[in-house]
Amino acid sequence: MIHKYKLAGLNILLDVNSGGVHIIDDLTYDLLDNVEPPFDEKCPAGVVAKLSKTYDAGDIEECYAEIVELYNDKILFSEDDYEKYALTSVASPIKSMCLHVSHDCNLRCEYCFASTGDFGGGRMLMDLETGKKAIDFLMKMSANRETLELDFFGGEPLMNFDVVRQIVAYAREEEKKYNKKIRFTITTNGMLLTEDKMDFINEEMSNVVLSIDGRKEVNDRMRRRVDGSGSYDRIIENYKKFVPLRGDKDYYVRGTYTKYNLDFSNDVIHLFEQGFEQISVEPVMADPKMPYAISDGDLPKIFREYEILSEKITKIREEGKFINFFHFMLDLDQGPCAIKRLKGCGCGNEYVAVAPDGDIYPCHQFVGIEKFRMGNVNDGSFDYGIKEEFSKAHVYTKPECVKCWAKFYCSGGCNANNYLYAGDIHNSYKLACEIQKKRLECAIMMKAVQMMDTAE
Ligand code: SF4
Ligand code: SF4
Ligand code: SF4
């Protein structure tokens, strides 16, 4: 399978199964619209006749011969080497956990997927005993896996920070016993960041996710406090203080764009201008009836905006400055390992979320949906059937993904969005797919240009 497209004045060709990216001329581009394996010895006469209105017949024959050579060398239309991994890989140890220490929040964001923090189940905080049981569960279920990940999540986890501290202390003891290492992260809305919390987070957390949507007016329209006022002024001040204190430890500022700010490249640049280099701004996924929800009609504007963003980021880099936009990150050289390429986030199989009452779900977005409740860390129950179902949710069991050129980068999309907006974890959510594919096209283009520049 190949995918080709035009962007930034380039003809770009991706050989899907090998991951090879090529910049091609107009003739090759047009010829590939007309030929595919199995190839004849010579270019079919009908194709030569059709294209010779634009190109020289001899050049067409020559180009055809080159395409056949690349095919024979397994560079174009290469075979799929990954399917065998999908068939053999099923159960995995659980290596990552999202720990919902707080189903309460001090903000009332309009687009909140968690019902402004309580996930529809009432406001509550996790107690220490449940947190310890969750660590015990992770130690047991990770089997012989040594490196583990745990994200403190909410609602707003800083509303239960004493318990966070105590869980970290407990986990540090347990990891010694089991000869494991937990990499902690925390996701916060920034409202309660104080110097002592920053110090603790910098000491213990490998990564922090700092929520902010971008420009003040954009952020404050959606991310409001309980009294209806905006959160921007407080959080920008806290983040500006906090990020330099991280030193070389990871962080990123993460925002959401909605129908109200389809010019979101301005939000990315705004965040950059505030001094942040690691930035993620993602589309809102919401009930289409919501006024802020993105619809199919918004796609042309969104596509153009990603192109504008790629131009702005390229310009910043040409000025010798560093900026990393999460959704343009792409490694064409090594790529993620095969299994990761097939399964993506691994939710429900390698990754679970634990709610404040100890209930276990495939990930944070499934929390509160009874049919996906996998068990409870307090009573030791666990439904291996659900785990198995998720272990089999990969690009080869998702009908749209099998045919999709983006499958090895997208890894089959978000199971939660698939369920919520397309009715089943195996159904692709078309709106998200279109946005994903556009982001990938931009990312591949930027990487290809960078590689061309390096080669010159
Ligand atoms: S900060 Fe997060 S949990 Fe709280 S209301 Fe906003 S989106 Fe929801
Ligand atoms: S873009 Fe959509 S169809 Fe393609 S791999 Fe991702 S989820 Fe599947
Ligand atoms: S299913 Fe979606 S929301 Fe859940 S962990 Fe995977 S990518 Fe994230």
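The values are calculated or read from the model by the stated rules, or taken from the named source; none is laboratory data. In this text the structure is predicted, and so the values were computed from the model without any measurement. As a convention, Cβ positions derive from the backbone with ideal geometry for all residues, glycine included, and neighbour counts pool all protein chains shown. Keep in mind that these areas ignore ligands, DNA and RNA; they rest on the heavy atoms of the full protein, side chains included. Shrake-Rupley method; radii C 1.70, N 1.55, O 1.52, S 1.80 Å.
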Open item on the list: If the reach is capped at under 15 angstrom between alpha carbons, list the aspartates and glutamates near K177, excluding any in the same chain fewer than eight residues apart.
Closed with: D136, E146
Open item on the list: List residues of region 34-77, by number, whose backbone nitrogen lies under 16 Å from a label position 7 Å along Cα→C-beta of I23.
Closed with: none
- [ ] Among DSSP beta bridges whose residues both lie in the chain, state the antiparallel percentage, nearest 5.
- [x] 40 percent
Task: Over the chain, relative contact order from alpha-carbon pairs under 8 Å, at least 6 apart, % - done: 15 percent
Open item on the list: Given a 1.4 angstrom probe, I'd like the percentage of the accessible area of region 216-279 that is carbon and sulfur, rounded to a whole number.
Closed with: 44 percent
Open item on the list: Please list, by residue number, every one of the GluC sites (Glu not before Pro) in region 140-206 that is coil in DSSP and has at most 13 other beta-carbon atoms within 10 Å.
Closed with: E146
Task: Projected area averaged over orientations for the chain, convex hull of C-alpha atoms, nm² - done: 23.7 nm²
Open item on the list: Restricting to DSSP H runs of at least four residues, report the calculated mean residue ellipticity at 222 nm for the chain, -39500 (n - 2.57) per run over all residues, nearest 500 deg cm²/dmol.
Closed with: -12000 deg cm²/dmol
Open item on the list: Sort 164-171, 398-405 by packing, meaning the average of other beta carbons within 10 Å per residue, with the highest value first.
Closed with: 164-171, 398-405
Task: Where the chain is the region considered: accessible area per residue in Å², 1.4 Å probe - done: 45 Å²
TODO: First select every other residue whose beta carbon is under 12 angstrom from the beta carbon of D26; then total the charges, Lys and Arg +1, Asp and Glu -1.
DONE: -2
TODO: Taking the Cα centre of region 206-292 as origin, work out the dipole magnitude from +1 charges on Lys and Arg Cβ and -1 charges on Asp and Glu Cβ, in debye rounded to 20.
DONE: 260 debye
Task: Extension gain (nm, one decimal) between I2 and E195, 0.36 nm per residue minus Cα-Cα - done: 64.3 nm
Open item on the list: Rounded to whole Å, give me the distance from the Cα center of region 147-223 to that of region 26-87.
Closed with: 52 Å
Task: Members of K259/K447; K95/K387; K249/K392 lying beyond 25 Å, as alpha-carbon distances in this model show - done: K259/K447; K249/K392
